[in-house]
Amino acid sequence: MRITIVGAGAMGSLVAARLTQAMTSPGADASGDAIERVLLYGRPSAHLDAVQARGLRLTELDGSEQTVAIETASDPADVRGSDVVIVLVKAWASSAVGETLRPYLTRESIVLTLQNGLGNASALRTSMLDRGVRPHVWLGVTTQAAIRPEPGVVQHTGSGITAIGRRTTMNDRVHALAALLDVPNWRTVAVEDIHRWVWRKLAVNCAINPLTALAGLPNAAIASDPGLREAANRLAAEVVAVANAQRIAHDLGDVASAIEDVAVATGSNHSSMLVDLESGQRTEIDAINGAVVSEGCRLGIQTPANDLMVALIRAREGASSTTKADAGSEEAESAAD
């Protein structure tokens, strides 16, 4: 199986490293279902240049370091022949990436989104449609965490699980892909209720990302500051209400515990929304809190706390004269993204 990771940010680089390590390990499976190629595709950048020239310097959870030689590319034509494409670009870049890669994929290709927020799979399906034919587009979420402190370097900051599934019924291909991606230090499972997983992570994102971005604080502040914890719970309560209205059952207590767990586990991390604001990049606010507001409006559910976050983050974006909107931007990410 030939796998391409689209998006050379922290998480894209981390999964590319894990799959490359599994592919090149002495005990790697030599069967027809084994990983035979791993490609990290992204826009031209200092990070991609560094990985191509020297390999990815990966810092593990225990502080140890290793260098992983990863195949890289910036030419979309190099994606041709991929059996699986894992998308990890910013949510707002989904359509542009889909249009760029469309000529190089077939109806048998599997496109797996592990991106933040809602709407990515739909955007990919629409942008990849070519004369009535498109690849399979599946959903996934990951609770792994990583940061990219400098070009060519990624630090694994939190262990977690990656869940994948389809918007409809499960099939053998999903289970087969989950088994293929279930490699050391990148646990992967196939789940029937992928939409529940997506909304659970959305609640975590909605609670942690905008608050830390506006406060200018690391993720740990959500767990340690009583005011921020209360604000996070209000945001999460609205997400749970909107999800439950769609029969995607969630318990607020469980979600609040998940938010605190992620905040503690990734305590020193700066959320990607904070990184984006500080670097003048466009944030993913529309796909995260904005998506909750849109779904709430559709269902007649008020979401004032999330609406406020959208307004404040957009104001911060507008205040930066250096805000960029290039569709290839990838920055540091964590499980709270």
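The values are calculated or read from the model by the stated rules, or taken from the named source; none is laboratory data. Remember, it's a predicted structure, so these values are computed and weren't measured experimentally. All Cβ positions, glycine included, derive from the backbone under ideal geometry; neighbour counts span all protein chains shown. These area figures cover heavy atoms from the full protein model, side chains too; ligands, DNA and RNA do not enter into them. Shrake-Rupley method; radii C 1.70, N 1.55, O 1.52, S 1.80 Å.
Numbers at a glance
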read-out	value
Charge dipole (debye, nearest 20) of region 140-244; +1 at Cβ of Lys and Arg, -1 at Cβ of Asp and Glu	160
Proximal charge balance of Ala236 [Cβ under 14 Å; K/R count +1, D/E count -1]	-2
Relative packing of peptides 35-42, 3-10 - highest average C-beta neighbours within 10 Å first	3-10, 35-42
Inter-site label distance for Ser257 and Ala77 at 7 Å from Cα along Cβ, in nm	5.4
Furthest towards positive pole of dipole, Val97, Ala256, Ala220, structure part the chain, Cβ charges	Val97
Per residue accessible area in Å² of the chain, where ligands, DNA and RNA are left out and the probe is 1.4 Å	41
Accessible area (Å², 1.4 Å probe, nearest 10) - Leu58	0
Gain upon complete extension [Ala53, Asn171; 0.36 nm per residue less C-alpha separation]	38.5 nm
Solvent-accessible area, 1.4 Å probe, carbon plus sulfur percent, for the chain	49
Cα Rg, Dmax, region 142-202, angstrom units	13.6, 41
Dipole in debye (nearest 20) - region 31-104, about Cα centre, beta carbon charges: Lys, Arg +1; Asp, Glu -1	300
Positive-end residue, the chain charge dipole about Cα centroid, Cβ charges, pick of Ile194, Ile35, Leu61	Ile194
Listed residues Val15, Pro76, Ala236: farthest to the positive end of the dipole of the chain (Cβ charges)	Pro76
Which label in (1) 23.2, 73; (2) 23.0, 78; (3) 18.8, 56 gives the computed Rg and Dmax of the Cα atoms in Å	(3)
Per-peptide average of other Cβ atoms within 10 Å, ordering 71-81, 107-117, 225-235 highest first	107-117, 225-235, 71-81
Mean residue ellipticity (222 nm) of the chain, computed from DSSP H runs ≥ 4 via -39,500 (n - 2.57), nearest 500	-13500 deg cm²/dmol
Probe 1.4 Å - accessible area at Thr106, Å² to nearest ten	80
The chain, dipole about Cα centre (Lys/Arg Cβ +1, Asp/Glu Cβ -1), debye to the nearest 20	780
